[in-house]
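The values are calculated or read from the model by the stated rules, or taken from the named source; none is laboratory data. Remember, it's a predicted structure, so these values are computed and weren't measured experimentally. Here the Cβ positions follow ideal geometry from the backbone for every residue, glycine too, while neighbour counts run over all protein chains shown. Only protein heavy atoms, including side chains, enter the accessible area calculation; ligands, DNA and RNA are left aside. Shrake-Rupley method; radii C 1.70, N 1.55, O 1.52, S 1.80 Å.
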Amino acid sequence: MPKLIRERIPTPERPVEERLKSFAEVNLGYTLELARKEAERCLQCPPEYAPCIKGCPVHINIPAFIAKIKEGDMKEALRIIWNDNTLPAITGRVCPQEDQCEGVCVVGKVGDAIDIGKLERFVADYARERGIDEELCREMAGNIKPRDEKVAVIGAGPAGLTAAGELAKMGYRVTIFEALHQPGGVLAYGIPEFRLPKDIVKCELDRLREFGVEIKTDHIVGRTVTIEQLLQEYDAVFIGTGAGTPKLLNIPGILLYRIYSANEFLTRVNLMKAYKFPEYDTPIAVGRKVIVIGAGNTAMDAARTARRLGAEVTIAYRRGREDMTARIEEIKHAEEEGVKFEFFLTPVEFIGDENGRVKAVRFMKMRPLEERDSRGKRRIEPTGEYVTLEADTVVIAIGLEPNRIIWESTPGLEVGKHGTIKVDENLMTGIPGVFAGGDAIRGEATVILAMGDGKKAAKAIDEYIRRKKAS
């Protein structure tokens, strides 16, 4: 038996001085040689026992696709991944593998876990760059047995795209209705180019279209068309509208100029290409000093984007470093790129100048307690001390909630306290034939959890339609 290599093979990254001059992707991914070296570290746990498969929300057969990398058979590696995940180039980049498949990797108990995410990304990139994915897509699409039934999917984000892909592979005629002018949801507007290049998203969407999925943009369900109307034409409906309504701060000065929600800030830069102004006519005002409030992945994305736009950036968080929810890799990259961190600060007032622009943020200093809350985070309390930090731009990244349009326009659709849609164990709402998943039922969560819901819902929709047809 070959000697176990305890340390993972690192992936090359773009130097910091280059990163701050462009929005080019930071992580450069594995070469074939490096990918095969990393794949050699896998112990090849049997599928029925492999904890990594159980740790994956879409249950990819991870040992099997890694074995194909070792053999050099990337077409079969991609086929294995596509059996459970039609968006591997995306999930390989943005999925929090360290908390899921890699977090339970057997090798990780004695050394570094296998870099499953980077290997998944490698397979997708390698196949795309050589046309292998197109060849496999044509082959798989040719084996689909078409059905007459139609399914409408609302939202072209991770949940909707996954549900659509799975249903298309089953032979259903699937149409996605997307409110924005470009599909992708958070993949298009929320995640910066340096983490997820938009041409990658486009290629993954092209593969779905080749499976027969139709995508209609500029369709706001609840305004352009209602769910009730969709049910007259389609056999089932899946709601994957995500969580796009930002949570804001109810404190003095919130209406001052140059205070953005992270959603608006990132949408302007990512989807509307404000970073290319005046080539693209969507300017964005970013001053000399930016404060980002929050400590999740969205906060890191906003902070690192502002650095690329030339600002000094400080992330202010009301708790300590150990309670930050952002991925370790994103925090590391932010620090490398010069983002500063201030902990145990809660904003209490935005201070403006004579022109109505924000010029500073006043914070209450917080004190950590030994007691922890239900999420395992240390509770905090005010100290009574204040500190004021200068800022001519503020980005608020404290979370998102589901959009109200769907449930306000759909009688009988039940929602919870925070606007999340209520579903049963099969992800069906209280309206027969209407299913939902992703952030629309969870609140703000991860791309891969939304995809897991999309896959589960597709199976439930198939069972629902078959039962209905048989009755």
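Side notes on the structure shown:
- Filter result for residue 48 (among the charged types (D, E, K, R), assigned to a helix (DSSP H, G or I), modelled with pLDDT under 95 and surrounded by fewer than 21 Cβ atoms within 10 Å (Cβ to Cβ)): no
- Unmet criterion (only one of (1) farther than 24 Å from residue 186 by Cα; (2) in a loop (DSSP other than H, G, I, E, B); (3) of a type in the set (Ser, Thr, Tyr)) for residue 383: (2)
- Restricting the first member to region 416-432 and to residues that are polar (S, T, N, Q), and the second to residues that are assigned to a loop (DSSP other than H, G, I, E, B) and open to solvent by 40 Å² or more (accessible area, probe 1.4 Å), the beta-carbon pairs closer than 9 Å and six or more apart or on different chains are 429/412; 429/414; 429/422; 429/423.
- Odd one out for residue 9 among (1) among the hydrophobic types (A, V, I, L, M, F, W, C); (2) in a loop (DSSP other than H, G, I, E, B); (3) more than 27 Å from residue 191 (Cα to Cα); (4) modelled with pLDDT of 95 or more: (3)
- Matching option when the condition is modelled with pLDDT of 90 or more, in contact with a Gly (Cβ under 7 Å, 6 or more places away or on another chain) and not polar (S, T, N, Q), among 215, 144: 144
- Test: residue in region 352-367 that is free of Cβ contacts under 8 Å to residues at least 24 places away in the same chain, aliphatic (A, V, I, L, M) and open to solvent by 40 Å² or more (accessible area, probe 1.4 Å): no
Residues checked against (1) open to solvent by 10 Å² or more (accessible area, probe 1.4 Å); (2) in contact (Cβ under 8 Å) with a residue 24 or more places away in the chain:
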site: 104; (1), (2): yes, yes
site: 120; (1), (2): yes, yes
site: 129; (1), (2): yes, no
site: 145; (1), (2): yes, yes
site: 162; (1), (2): no, yes
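- Meets criteria (modelled with pLDDT of 95 or more, over 22 Å from the mean Cα position of the chain (by Cα) and crowded, with 22+ Cβ neighbours inside 10 Å) for residue 64: no
- Restricting region 442-471 to residues that are out of contact with any Ser or Thr (no Cβ under 7 Å at 6 or more places or on another chain) and part of a loop (DSSP other than H, G, I, E, B) leaves a set whose member that is farthest from residue 59 (Cα to Cα) is 471.
- Any hit, region 71-86, residues being among the hydroxyl-bearing types (Ser, Thr, Tyr) and modelled with pLDDT of 95 or more: no
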